[in-house]
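The values are calculated or read from the model by the stated rules, or taken from the named source; none is laboratory data. A quick note: this is a predicted structure, and the numbers were derived from the prediction, not measured. Every residue, glycine among them, receives a Cβ derived from its backbone with ideal geometry; neighbour counts consider all protein chains shown.
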Amino acid sequence: AKIDNVHFTDVGEDAITVKPNSDGKKSNVEITNSSFANATDKILQLNADTSLTVDNVKAKDFGTFLRTNGGQQGDWDLNLNNISAQNGKYSFVKSDSEGLNVNASNISLDNVNNHYKVPDSARLQVAES
């Protein structure tokens, strides 16, 4: 799925949830040139194995920017680039998955708690902006 130039001004609970697809294969999701505001809980919720690319996105006033399915192990590859996030109450990325892969570059976090709340075994590569 590709989401481009979509602007959520009042997210509410969750803006986007990725669910398992019918063939059981890993989902490919791209979110570009978009913005999210006023998410009382999460902006992105991944409930299925996903290769996710987020590029040129702004987020303001949210609970958690991105959350993988709580307590679950999964095949999640997260490529996060050119993101500006402000006022994150709980975390930027939160996952319990030991095999999580995160590649992040040019991430600006202002008043965001728990930037990367992930297991020690997760592969986390964050390039300085």
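Of the residues making up the range 22-36, those that are over 16 Å from Leu46 (Cα atoms) and of a type outside the set (Val, Ile, Thr) are Asp23, Asn33, Ser34, Ser35, Phe36. Surrounded by fewer than 20 Cβ atoms within 10 Å (Cβ to Cβ), part of a strand (DSSP E or B) and touching a residue at least 12 places away in the same chain (Cβ under 8 Å), is that true of Gln73? For Gln73, the condition - surrounded by fewer than 20 Cβ atoms within 10 Å (Cβ to Cβ), part of a strand (DSSP E or B) and touching a residue at least 12 places away in the same chain (Cβ under 8 Å) - is not met. Condition first: outside any loop (DSSP other than H, G, I, E, B) and either in contact with a helix residue (DSSP H, G or I) (Cβ under 8 Å, 6 or more places away or on another chain) or under 16 Å from Thr17 (Cβ atoms) (or both). Can you find one or more residues in the range 115-128 that meet it? Among the residues of the range 115-128, not one is outside any loop (DSSP other than H, G, I, E, B) and either in contact with a helix residue (DSSP H, G or I) (Cβ under 8 Å, 6 or more places away or on another chain) or under 16 Å from Thr17 (Cβ atoms) (or both), which makes the answer no. Evaluate the range 5-26: report whether one residue or more is assigned to a strand (DSSP E or B) and more than 24 Å from Tyr90 (Cα to Cα). No, because not a single residue in the range 5-26 is assigned to a strand (DSSP E or B) and more than 24 Å from Tyr90 (Cα to Cα). Mind checking whether some residue in the range 9-23 is under 15 Å from Leu78 (Cβ atoms) and surrounded by 16 or more Cβ atoms within 10 Å (Cβ to Cβ)? Looking for residues that are under 15 Å from Leu78 (Cβ atoms) and surrounded by 16 or more Cβ atoms within 10 Å (Cβ to Cβ), one finds at least one in the range 9-23, hence yes. Candidates Gln45, Gln125, Gln86: the one that is of a type outside the set (A, V, I, L, M), at pLDDT 95 or above, buried (at least 18 other Cβ atoms within 10 Å of the Cβ) and out of contact with any Pro (no Cβ under 8 Å at 6 or more places or on another chain) is Gln45. Just one of the listed residues (Asn38, Asn81) is touching an Asp or Glu at 6+ places or on another chain (Cβ under 6 Å) and within 17 Å of Tyr116 (Cα to Cα), namely Asn81.
Applying the criterion of being more than 11 Å from the chain's Cα centre (by Cα) and part of a strand (DSSP E or B) to the residues of the range 56-70, the residue that is surrounded by the most Cβ atoms within 10 Å (Cβ to Cβ) is Phe62. Against the test of being of a type outside the set (A, V, I, L, M, F, W, C), at pLDDT 95 or above, more than 12 Å from the chain's Cα centre (by Cα) and part of a strand (DSSP E or B), the options Ser108, Ser97 yield a single qualifying residue, Ser108. Scanning the range 6-18 turns up no residue that is closer than 19 Å to Ala127 by Cβ and not acidic (Asp, Glu).
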